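Engineer: Structure below; questions to follow.
The values are calculated or read from the model by the stated rules, or taken from the named source; none is laboratory data. Note that the structure is a prediction, hence the values are computed from the model and not measured. Ideal geometry is used to build each Cβ from the backbone, glycine not excepted, and the neighbour counts take in all protein chains shown.
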Amino acid sequence: MSGFWSLLRLDLALLRRRRLPRWIAGGALGSVVLSIAFSSAGDGEGARLVASALRFLVAVIIGLTTVLGAVSISGDAASGALRGVMLRPVGRPAVVLAHATATSLFVMAIYVTGLIIALVAGSTLCGYGDVLYEEYVVIGADEMAGFMFRLVLLPLPALLIPPLLALCISTRMDDGATAVVLALVATVGPLLFGFVSGDVPEWVFTERAMHPATVLGKLAQGYQLDADRVDSVEYIAACVWQPALWLISFAGLGILLFHRREIHT
Amino acid sequence: MTEVLLSTDGLEKRFGKLVVVRDLSMTVRAGDVYGLLGLNGAGKTTTLRMVLGLVRPTAGEVVIMGRRVRFGAAASRREVGAFIEGPAFFGQLSALENLLSLSRLTDPIARGVAQELLVEVGLGEAMNRPVRTFSFGMKQRLGIALALAPDPRLIILDEPTNGLDPKGIRDVRDLILRLNAERGLTFVISSHLLHEVENLCTQVGIVHEHTLAREGPLDALMKEGASELRIVAEPVEVAQRVIEAHAGPDDYRVDEGGFLVQARNVDPASLNRALIEAGASVSVLSPRRPSLEELFLARTEEVAS
């Protein structure tokens with residue numbers, strides 16, 4: 001793993017300086033602001049406002065960070081910068097893991113920032129009352145704080161899967177555009193298929209990968225009543241560990257693919 | 001015996017049926033400025049890529065400072081500075097940031113050292129500008145600064161003077177010669193600019209048709225070429241008659257505004273006397289050694305035939 005920390009520092013510096021990450025962050029947070037601005041949530045319906053904002057946020061993060069993952073190594077290869085790095089005494093696994101870590105931290109930062117914006121907007125604009133289904137209380141206003149906290153944890157591993165899958169593709173590509181197309185076909189394609197066919201594509205990455213955001217959305221619409229399930233430790237563990245295993249697999253595959261790659265550009 | 005810093009043995013690279021490098025064995029010793037010469041497509045850059053572990057050899061091995069280079073392994077590049085096929089940087093970062101960030105991947109260097117290095121390669125005023133605003137020549141200079149940081153023993157430069165203006169070429173040449181003389185740094189320089197190699201290198205390897213056709217000290221190579229006499233005399237018809245009588249009809253040619261005569265069978269003093277006695281006015285009569293370019297072309301034509 002020689003050079004991992006230096007590579008990570010370099011990759012984080014590049015994320016701050018490059019235009020694409022800035023546009024992605026701006027686009028994702030802008031989508032949150034827009035969804036809040038056009039929300040029809042009324043008094044006490046802060047959860048509904050948060051839910052609609054997060055659904056936008058999740059969709060934008062998946063789409064745009066897939067592009068980011070796809071150009072991470074292939075873009076550097078196309079510009080020749082990868083050659084500059086590989087002429088140094090750095091391990092190939094370190095190159096892939098540093099890119100994966102930097103991309104993951106970036107996705108987390110955007111998601112958490114978007115979530116905070118949505119929560120603050122929900123609190124100040126509407127306030128959090130009980131979430132009701134007809135006359136039944138699905139989540140009480142007093143439980144809302146804990147429920148919201150879990151929202152930070154649950155979707156994150158699933159949100160990291162598309163950019164890391166794209167990164168995996170990127171390890172074998174010298175051409176950023178081809179990598180982007182392949183990555184979008186592999187990640188957003190099934191989601192679009194699910195959207196068109198009306199089938200909730202929970203099977204796309206893992207059985208429950210998209211569940212937390214989906215569940216929240218359904219809760220806010222008042223027709224999903226399995227709040228107890230969302231509360232259970234087993235459910236939370238499954239939401240975190242199943243995608244986490246996929247993440248580890250993608251990172252491992254990326255390292256394997258990059259290890260065999262010759263640097264010609 | 002001087003330490004061998006870099007050697008290759010039977011190096012070969014194929015892409016399917018296409019042979020790019022074939023049975024290439026070269027040796028670079030400490031303190032050498034080694035010029036790797038070859039026509040475009042001869043296999044120079046692929047050889048250097050294999051040396052640096054960027055490309056996996058199909059056969060053969062590379063040894064750097066006693067360590068066998070394994071494809072993808074980091075250790076062999078620890079004491080090697082290099083740039084291959086043009087400069088490679090992050091365009092969004094400044095020259096100084098690139099230098100600090102990339103040298104950190106080997107051993108961190110202090111900001112002051114990085115600044116001095118950039119001043120040394122002529123980028124003192126541009127060090128804080130993003131590299132994407134640099135001209136090719138400026139990037140080339142930055143590439144050389146990067147290869148020098150932090151303190152390698154062996155520096156591999158692929159076409160280092162490409163894109164440089166005449167002053168830049170002279171600066172790079174002076175820098176290489178100074179670092180070689182003062183710090184004993186060893187250089188491997190791939191180039192097709194033969195007069196540059198002639199001015200710079202102590203050892204030469206000629207890559208032709210994907211293999212090393214010739215390797216050895218530059219001096220020895222230059223001595224191999226037959227020396228000539230350059231004669232400028234008027235009237236031309238008289239001079240030509242005398243030269244033909246002295247040297248034979250096949251051992252002279254008209255070139256460079258005069259005559260080039262094979263020196264092996266001609267005594268310059270008697271030829272000069274004969275020219276004067278025949279009424280010719282001799283303005284130049286000087287020995288001339290063939291340039292490296294002529295030797296290189298002769299060698300490659302010899303191998304081809």
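Engineer: Which one of the conditions (1) of a type in the set (Val, Ile, Thr); (2) touching a residue at least 60 places away in the same chain (Cβ under 8 Å); (3) away from every other protein chain (no Cβ under 14 Å) does A:Val107 fail to meet, given that it meets all the rest?
Structural biologist: All conditions pass for A:Val107, except number (2).
Engineer: Within segment B:95-118, how many residues turn out to be more than 7 Å from chain A (Cβ to nearest Cβ), among the charged types (D, E, K, R) and closer than 15 Å to A:Leu87 by Cα?
Structural biologist: Number of matching residues: 1.
Engineer: Would you mind telling me which numbered condition in (1) closer than 14 Å to B:Val172 by Cβ; (2) surrounded by fewer than 21 Cβ atoms within 10 Å (Cβ to Cβ) B:Asp151 fails?
Structural biologist: If we test B:Asp151 against (1) closer than 14 Å to B:Val172 by Cβ; (2) surrounded by fewer than 21 Cβ atoms within 10 Å (Cβ to Cβ), just (1) comes out false.
Engineer: Further question on the same structure: Looking only at segment B:56-76, how many residues end up being in contact with a helix residue (DSSP H, G or I) (Cβ under 6 Å, 6 or more places away or on another chain) and either within 11 Å of chain A (Cβ to nearest Cβ) or assigned to a strand (DSSP E or B) (or both)?
Structural biologist: 5
Engineer: Mind checking whether some residue in segment B:82-94 is more than 8 Å from chain A (Cβ to nearest Cβ), at negative phi, assigned to a helix (DSSP H, G or I) and not charged (D, E, K, R)?
Structural biologist: no
Engineer: If B:Arg132 satisfies every condition in (1) closer than 28 Å to B:Leu6 by Cβ; (2) within 10 Å of chain A (Cβ to nearest Cβ); (3) not hydroxyl-bearing (Ser, Thr, Tyr) but one, which is the exception?
Structural biologist: With respect to (1) closer than 28 Å to B:Leu6 by Cβ; (2) within 10 Å of chain A (Cβ to nearest Cβ); (3) not hydroxyl-bearing (Ser, Thr, Tyr), B:Arg132 is out only on (1).
Engineer: Here's something else I'd like to know. Looking only at helices (runs of 4 or more DSSP H) that lie completely in segment B:150-258, which have at least 1 residues being over 14 Å from the mean Cα position of the chain (by Cα) and more than 30 Å from B:Ala82 (Cβ to Cβ)?
Structural biologist: So the answer is B:218-224, B:236-247.
Engineer: Are any residues in segment A:97-129 at pLDDT 90 or above, surrounded by fewer than 16 Cβ atoms within 10 Å (Cβ to Cβ) and not aliphatic (A, V, I, L, M), and if so, which ones?
Structural biologist: The answer is A:Thr113, and nothing else.
Engineer: While we're on this one: Looking for something touching a residue at least 24 places away in the same chain (Cβ under 8 Å) and on the phi > 0 side of the Ramachandran plot - is there at least one such residue anywhere in segment A:19-30?
Structural biologist: no
Engineer: Take A:Arg88 and decide whether it is outside any helix (DSSP H, G or I), within 14 Å of chain B (Cβ to nearest Cβ), touching a residue at least 24 places away in the same chain (Cβ under 8 Å) and buried (at least 20 other Cβ atoms within 10 Å of the Cβ).
Structural biologist: yes
Engineer: Could I ask something else about it? Name the residues in segment B:2-55 that are free of Cβ contacts under 8 Å to residues at least 24 places away in the same chain and either within 11 Å of chain A (Cβ to nearest Cβ) or among the small types (Gly, Ala, Ser) (or both), would you?
Structural biologist: Step one: of segment B:2-55, the residues free of Cβ contacts under 8 Å to residues at least 24 places away in the same chain are B:15-18, B:41.
Selection gives B:Phe15, B:Gly16, B:Gly41.
Engineer: Just give me the residues in segment A:154-193 being modelled with pLDDT under 80 and not in a helix (DSSP H, G or I), in sequence order.
Structural biologist: A:Leu154
Engineer: Looking at (1) small (Gly, Ala, Ser); (2) in contact (Cβ under 8 Å) with a residue 60 or more places away in the chain; (3) part of a loop (DSSP other than H, G, I, E, B), which is the only condition A:Ser40 fails?
Structural biologist: Only one criterion is unmet by A:Ser40, namely (2).
Engineer: Would you confirm whether or not segment A:61-77 contains a residue that is of a type in the set (A, V, I, L, M), surrounded by 22 or more Cβ atoms within 10 Å (Cβ to Cβ), more than 14 Å from chain B (Cβ to nearest Cβ) and over 23 Å from A:Leu165 (Cα atoms)?
Structural biologist: Checked against the condition, which is being of a type in the set (A, V, I, L, M), surrounded by 22 or more Cβ atoms within 10 Å (Cβ to Cβ), more than 14 Å from chain B (Cβ to nearest Cβ) and over 23 Å from A:Leu165 (Cα atoms), segment A:61-77 yields no hits at all.
Engineer: Suppose we filter B:Ala278, B:Ala298 for residues that are at pLDDT below 80 and outside the structural domain of B:Leu39 (by the TED database); which single one remains?
Structural biologist: The conditions single out B:Ala298.
Engineer: Still on this structure: Criterion first (part of a helix (DSSP H, G or I) and either touching a Pro at 6+ places or on another chain (Cβ under 7 Å) or modelled with pLDDT under 80 (or both)) does B:Gly143 satisfy it?
Structural biologist: yes
Engineer: Moving on to the next point. Only one of B:Leu194, B:Leu177 is at pLDDT 85 or above, surrounded by fewer than 22 Cβ atoms within 10 Å (Cβ to Cβ) and in the same structural domain as B:Ser76 (by the TED database); which?
Structural biologist: Result of the check over B:Leu194, B:Leu177: B:Leu177.
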